[in-house]
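Worksheet: the structure to be examined is printed underneath.
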Amino acid sequence: MSDMNSTEKAALICEFADDMKAERIDTLDVRTKTSVTDYFVVCSGNSDTHVRAIAERVAEKLRDKGVRPLRTEEGDSGWVLQDFGDVVLNVMREEKRQFYSLESLWREMQTNPDLL
């Protein structure tokens, strides 16, 4: 298993998503807001096929570095979630991203004083 920390893992996820032409790649640091994960990486794909391809490539490239997703969810078309434990990747069609607005949700969430 890899000894990379969550910040390094998030950076690699962004790099691999960018290699696949993901759009609007955003990293949300949620360490002071939830104990569930350290970072959410959110990015957009321009079709369902593109969304799946981005997620598959990220998982493949991380697997090469000894990191495997704990789970992958593809239940909703146009959105793939990969849980890498301390980093969660959300690859979404732009319309899903705007509808769910994860960036706004997490940025507006109050800091959890128990995590400070």
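In segment 53-80, the residues that are under 21 Å from ASP3 (Cα atoms) and touching a residue at least 60 places away in the same chain (Cβ under 8 Å) reach residues that are charged (D, E, K, R) and surrounded by 15 or more Cβ atoms within 10 Å (Cβ to Cβ) with C-beta atoms within less than 7 angstrom, at least six apart or across chains, in these pairs: VAL67/LYS9. The set of residues in segment 1-34 that are in contact with a Leu (Cβ under 6 Å, 6 or more places away or on another chain) and part of a loop (DSSP other than H, G, I, E, B) contains only THR32. Output the residues belonging to segment 1-35 that are within 27 Å of SER77 (Cβ to Cβ), under 13 Å from the mean Cα position of the chain (by Cα) and aliphatic (A, V, I, L, M). Hits for segment 1-35 are ALA10, LEU12, ILE13, ALA17, ALA22, ILE25, LEU28, VAL30. From the list GLU60, GLU94, the one residue that fits, being among the acidic types (Asp, Glu), farther than 16 Å from LYS9 by Cβ and surrounded by fewer than 17 Cβ atoms within 10 Å (Cβ to Cβ), is GLU94. Of everything in segment 15-35 that is in contact (Cβ under 8 Å) with a residue 40 or more places away in the chain and among the aliphatic types (A, V, I, L, M), the residue that is surrounded by the most Cβ atoms within 10 Å (Cβ to Cβ) is ALA22.
Conditions (1) of a type outside the set (Ser, Thr, Tyr); (2) more than 18 Å from SER101 (Cα to Cα); (3) surrounded by 22 or more Cβ atoms within 10 Å (Cβ to Cβ), marked per residue:
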| site | (1), (2), (3) |
| --- | --- |
| MET4 | yes, yes, no |
| ALA10 | yes, yes, yes |
| ILE13 | yes, yes, yes |
| VAL41 | yes, no, yes |
| THR49 | no, yes, no |
| GLY78 | yes, no, no |
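When segment 77-115 is limited to residues that are in a loop (DSSP other than H, G, I, E, B) and over 22 Å from PHE16 (Cβ atoms), the one that is modelled with the lowest pLDDT turns out to be SER77.
The values are calculated or read from the model by the stated rules, or taken from the named source; none is laboratory data. Since the model is a prediction, treat every value here as computed from it, not as a measurement. FYI the Cβ positions are ideal-geometry reconstructions off the backbone, even for glycines, and counts take in every protein chain you see.
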